[in-house]
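I have placed the structure first, in the form of structure tokens, so that the comments after it can refer back to it.
The values are calculated or read from the model by the stated rules, or taken from the named source; none is laboratory data. Everything numeric in this text was worked out from a predicted model, so none of it was measured. Here the Cβ positions follow ideal geometry from the backbone for every residue, glycine too, while neighbour counts run over all protein chains shown.
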Amino acid sequence: MLSFLRPVDTSRVSWRGIQSSFPAYARSPARALVTLGAAFGLLLPAPCVASAQTPLSYLSAQGERAYPINSLLWALLGISIAVIIISIVFVLLGTLRGNALPGNALPGRLMVESPRRGIGWIVVGVGTSTAVLFGAAVWTVVTLAAVSSPPGGHADLYLEVTGHQWWWEVLYKDPSPSLTFKTANEIHIPAGRTVSVALRTADVIHSFWVPSLTGKTDLIPGQINQTWFSASSSGVYRGQCTEYCGRQHAHMAFEVFADDTAAFKAWRDHALQLVPAPVSAEAAADVDAFVRKCGACHAVGGTRAGGILGPDLSHLMSRRTIAAGALPNSIGHLSAWIADPQHVKPGAYMPRLDVTGPELTRIRRFLLTLQ
Amino acid sequence: MTVTSYERIPEIVAADHDSAIARRLEALWQTKPGIVGWFSTVDHKRIGIRYIMTALLFLLAGGIEALILRLQLAQPELRLLTPEQYDQLFTMHGITMILWYAFPVLTGFSVYLQPILLGTRDMAFPRLNAFTYWIFLSSGILLYASFALGAAPNAGWFNYTPYSSLAFNPGMNIDFYALANILLGISTTLGSINFVVTILRERAPGMSINRLPIMSWGTLTTSVGLLFAMPSVTLAFFFLWMDRQFGSHIFHSAGGSQPLLWQHLFWIWGHPWVYAIVLPAISMISQILPVNCRRPLVGYTAVALATVLTMVLGFGVWLHHMFATGLSTLALSFFGAVSILIVIPSAVSFFAWIATIWTGRPVLNTSFLFCAGFIVVFVIGGVSGFMTGAVPVDWQLTDTYFVVAHIHYVLIGWNLFAVVAGIYHWFPKMTGRLLDERLGVWNFWLMFIGFNVGFFPMHISGLLGMPRRVYTYPPAMGWDSLNLITTIGSYLFALGVALLLVNVAISRRRGRIAGRNPWDADSLEWATPSPPAAYNFVVIPVIASRWPLWEARLQMGSQLSSLDRGLVLDHGKEVLASSSVDAEPEVILKMPEDSILPLACAIAVTVVFVAALLHVWWLAGIATLVVALLALVWLWPRDRLAQTAGMHP
């Protein structure tokens, strides 16, 4: 059950992903170019990919929507690198092939060449470039049409994601209100199924991005944008806000957890459960402390805490990170965050509440029960 | 046409800079010494150098901001800067470089060179030219005054609403940007009008449009383009300012409008602006490279048409800055395809340069090195731009460091490398002394290596997912060493820029004397002394080819340009106006004297803006009246403004 919580080893995945995406375009006439490009492309990021995890890398794709885009990306990268190399060769050879004059050759009335020669370069060069560019434009439009909407036009799961300065609200929609619930900064999906996401914002413009699964779509006031994606295998995929949205734009991450259908259903059933009534006076006092200090902004299903300004904290302890990916969700980090959020995310809207030691203990003890 | 008292036939004589005519012209055109003369000069050469120096100061300011930013990003989770400080610095860095450095520096070269390249004595509107400079300067001071109040713009140079609206950004930060930008827009628009008229109406007789120096094509295209583009951004910032001061709800979704409107207005200007800050620079390379390759540019006509075509297509690609905003697939397909195909005209220039190098004999001096380096970074910046044109790929690339790499290859690569090539090429013309070539070679390699070490890894950190505009980043994302390399590279690059300044400082006094034409170049500015006399040309030359100083050796035809023998215009400050296409002489223009009015008017306009910023409405009202009054004095009709040149050589 917990195995999917292991971070994805993208260093490995990206190599495999590249190889596995080869057949998709190996039959195309651009094969030589793509191979060349991929070879150089691998050389470039290799030191980084090999030595570290790169959870936001989009050099490899992990979903149905991302695959065709990834092929196009690698093809364009290959063309680009080939063009750069050819150009450098042109400039270097043209300069160093033996007829150059030393820098101090002037002044003096030097010979000048006739203006007539050389036009063939432009004819051949621009002709070739135009052919390549037309090919790229056509491939682009074809890919665009292929990924614009989910296959068949409908999705298996519909979500609504709302961007806030600086966290993500996730609403699981269902025709039955009892199956509708909210969570924050984490999106759980069934692997292999298509997910449609309606994007809205509570304040400024944000952008929704899960590099391995889908490119960016902006969240813009006054309109609702749609995106869709699917994850072809179980795993954790990092996402990030990519439209500058203010002081804590840097700390506005989220994670997508793809799991097999049964595990996803189990997670959803668990997420729908409310906090049981406190079993002791001590526990009731803990809840009170939380409601008093935190309940104006945060909600926890089953308590009187119903604030909507901050993330819904129901089942907080099942989450891997807090503060929109800014900190791992451990007791220590949780305490530090509650004690002084402004130290972790300066400028964030969660104020420093100056909670006393005993209050902090109570609030933390309550939060730790939110499995 | 009936003969009137205004018709006059100028004499055609041979005269050099020691002649009586030259002495008379010197007295007419010379700027008066002293502080009043300094503030009232309308000499395009002085104004051009002021433009370049001021723009380079902004380059240094923006560069220092960048170096501070790079320290903060050298390692993950550093706390050298607070998020607010970082936001103000990265915003000011972008605004400074894109608006107050990149375009004004090219304007400086154009203001200095265009009249001489065209064989005339000043810009078409010399006082307007001075006014344009003063407004540029005051808008920059207004922008930087925000630092003093700790309220520098902080919403990025793109300034998207609603983050830049009053609700999310209540300080004066955005007001500074809005007003300074509108002020700069006045300068840019007036400057563009001046260039269009100068290039279309002041060419020496015989310099028909197909003999226009290639560099003038860049300036002309850019100026015409900006006349169409500027209203959009000026209105956008004015609307935003109205929203912020008076709650006009033009960009406010709750008021029934759409925040996305800002992005359309901004980028309809923004993309042509990108071409405005690169096309004149690209044309500078097309002007310098052939001189250094000892042959005329290959494919002059193709390159000139490609320049124009780039600007035309440049108005049809603004949506590629907005591919992620939820637009329809049809719109995305169209703008994606155009964004890819706009590479074609750039390919024309590229192959023209390569052909020029291959079929010529390159002279390996510093300005050639910068041209060659330029071509390499031109290609790298070009292909990364081509990649962002592919819509679905752009959904990945956009707002990551890949795009940061791209814009720096475009802005530094396409602009600054050309500018430095231009400085090495024209410094002897401007000062009479050559820059030191040995320092120059060091200068080139430090800048070239530093630049690529600093900015190439940004492509990779982008591909590995590093978002833009973040004040810090977590470790274990695979970005640490790339960012450290980038920081080191940026400091190397800064060292290279410092070496340029050292070279300028030393060579200004001790450089080798240049003489008239140290590079044995082909265009008209090299027919004047270095530095040129106040009146540029003793007699207005008559032009017979694209390469007036080379044509004898090129043996292109029987007719040769006449440089030492030409039209005498010495009844006051006079220049010749010619027809737009064929450059037939038409009118003798009487040019205005030096005047303090442009400065006075610029100060009054600035007071209007400062008063608006501070909400001192009565002062804004009074200053507006003063502006009107000064304009009235400035434009009061005077006798004998024009004469018909009754002559066809």
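Residues of the stretch B:241-266 being part of a helix (DSSP H, G or I) and within 14 Å of chain A (Cβ to nearest Cβ), which ones?
If the condition is that a residue be part of a helix (DSSP H, G or I) and within 14 Å of chain A (Cβ to nearest Cβ), then B:Asp243, B:Ser253, B:Ala254, B:Gly255, B:Leu260, B:Leu261, B:Trp262, B:Gln263, B:His264, B:Phe266 are the ones that fit.
Go through the stretch B:605-639 and give me each residue that's assigned to a helix (DSSP H, G or I) and under 20 Å from B:Phe125 (Cα atoms).
Selection gives B:Val605, B:Val627, B:Ala628, B:Leu629, B:Leu630, B:Ala631, B:Leu632, B:Val633, B:Trp634, B:Leu635.
One residue is enough: does the stretch A:117-136 have a residue meeting the conditions in contact (Cβ under 8 Å) with a residue 24 or more places away in the chain, touching a Gly at 6+ places or on another chain (Cβ under 7 Å), facing chain B (nearest Cβ under 9 Å) and assigned to a helix (DSSP H, G or I)? Steps first, please.
Of the stretch A:117-136, the ones in contact (Cβ under 8 Å) with a residue 24 or more places away in the chain are A:132, A:135-136.
Subset that is touching a Gly at 6+ places or on another chain (Cβ under 7 Å): none.
Checking the stretch A:117-136: not a single residue is in contact (Cβ under 8 Å) with a residue 24 or more places away in the chain, touching a Gly at 6+ places or on another chain (Cβ under 7 Å), facing chain B (nearest Cβ under 9 Å) and assigned to a helix (DSSP H, G or I).
Given the structure, is A:Val161 within 20 Å of A:Ser314 (Cα to Cα) and in contact with a Phe, Trp or Tyr (Cβ under 7 Å, 6 or more places away or on another chain)? Lay out the reasoning, then the answer.
Working: within 20 Å of A:Ser314 (Cα to Cα): yes; in contact with a Phe, Trp or Tyr (Cβ under 7 Å, 6 or more places away or on another chain): yes.
Answer is yes for this residue.
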Filter the stretch A:137-168 down to the residues that are in contact (Cβ under 8 Å) with a residue 40 or more places away in the chain, surrounded by fewer than 19 Cβ atoms within 10 Å (Cβ to Cβ) and more than 28 Å from A:Arg268 (Cα to Cα) and list them by number.
A:Ala146
When only residues in the stretch A:242-260 that are within 8 Å of chain B (Cβ to nearest Cβ) and among the charged types (D, E, K, R) count, which is surrounded by the most Cβ atoms within 10 Å (Cβ to Cβ)?
A:Glu243
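Go through B:Phe350, B:Phe323 for me and flag whichever is within 9 Å of chain A (Cβ to nearest Cβ), within 21 Å of the chain's Cα centre (by Cα) and not charged (D, E, K, R).
On the way: B:Phe323 fails: within 21 Å of the chain's Cα centre (by Cα).
Criteria check complete, one pass: B:Phe350.
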Restrict the check to the stretch A:195-216 and report whether at least one residue is part of a loop (DSSP other than H, G, I, E, B) and under 14 Å from B:Ala324 (Cα atoms).
yes
Could you give me the residue pairs with C-beta distances under 8 Å whose first residue belongs to the stretch B:74-85 and is free of Cβ contacts under 8 Å to residues at least 12 places away in the same chain, whose second residue is among the acidic types (Asp, Glu) and surrounded by 15 or more Cβ atoms within 10 Å (Cβ to Cβ) wherever it lies, and which are 6+ apart or on separate chains?
none
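Any residue that is in a loop (DSSP other than H, G, I, E, B) and at the interface with another protein chain (Cβ under 7 Å from one of its Cβ atoms) - is there at least one of those in the stretch A:224-236? Walk me through it before giving the result.
Initial filter on the stretch A:224-236 (in a loop (DSSP other than H, G, I, E, B)): A:224, A:230-234.
Applying the additional criterion that residues be at the interface with another protein chain (Cβ under 7 Å from one of its Cβ atoms) yields none.
No, the stretch A:224-236 contains no residue that is in a loop (DSSP other than H, G, I, E, B) and at the interface with another protein chain (Cβ under 7 Å from one of its Cβ atoms).
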Any chance B:Arg510 is away from every other protein chain (no Cβ under 12 Å), at negative phi and basic (Lys, Arg)
yes
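Any chance the stretch B:81-90 includes a residue that's under 24 Å from the mean Cα position of the chain (by Cα) and either surrounded by 15 or more Cβ atoms within 10 Å (Cβ to Cβ) or more than 25 Å from B:Val197 (Cα to Cα) (or both)?
From the stretch B:81-90, those under 24 Å from the mean Cα position of the chain (by Cα) are B:89-90; that's our starting set.
Still in the list and also either surrounded by 15 or more Cβ atoms within 10 Å (Cβ to Cβ) or more than 25 Å from B:Val197 (Cα to Cα) (or both): B:89-90.
Checking the stretch B:81-90: at least one residue is under 24 Å from the mean Cα position of the chain (by Cα) and either surrounded by 15 or more Cβ atoms within 10 Å (Cβ to Cβ) or more than 25 Å from B:Val197 (Cα to Cα) (or both).
For the stretch B:461-484: of the residues being outside any helix (DSSP H, G or I) and among the aliphatic types (A, V, I, L, M), which is surrounded by the most Cβ atoms within 10 Å (Cβ to Cβ)? Break it down stepwise before answering.
Taking the stretch B:461-484 and keeping what is outside any helix (DSSP H, G or I), we get B:464-479.
Now narrow it down to the ones that are among the aliphatic types (A, V, I, L, M): B:464, B:466, B:470, B:476-477.
Values: B:Leu464: 27, B:Met466: 25, B:Val470: 22, B:Ala476: 12, B:Met477: 23.
Ranking the candidates gives B:Leu464 first.
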When A:Asp218 is evaluated against the numbered criteria (1) modelled with pLDDT of 95 or more; (2) facing chain B (nearest Cβ under 8 Å); (3) more than 14 Å from the chain's Cα centre (by Cα), which criterion, by number, is the only one it fails?
(3)
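Answer yes or no as to whether B:Pro392 is within 12 Å of another protein chain (Cβ to nearest Cβ), more than 24 Å from B:Leu500 (Cα to Cα) and assigned to a helix (DSSP H, G or I). Can you show your working first?
Details: within 12 Å of another protein chain (Cβ to nearest Cβ): yes; more than 24 Å from B:Leu500 (Cα to Cα): yes; assigned to a helix (DSSP H, G or I): yes.
Yes.
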Which of (1) more than 9 Å from chain A (Cβ to nearest Cβ); (2) surrounded by fewer than 19 Cβ atoms within 10 Å (Cβ to Cβ); (3) under 24 Å from A:Leu56 (Cα atoms) is the odd one out, the single condition B:Met458 does not satisfy?
(2)
Selection from the stretch B:461-503 of residues that are over 27 Å from B:Cys371 (Cβ atoms) and more than 13 Å from every other protein chain (Cβ to nearest Cβ):
B:Thr487
Only one of these is over 27 Å from B:Trp318 (Cα atoms), more than 14 Å from every other protein chain (Cβ to nearest Cβ), of a type in the set (Val, Ile, Thr) and buried (at least 22 other Cβ atoms within 10 Å of the Cβ): B:Thr198, B:Thr222. Name it.
B:Thr198
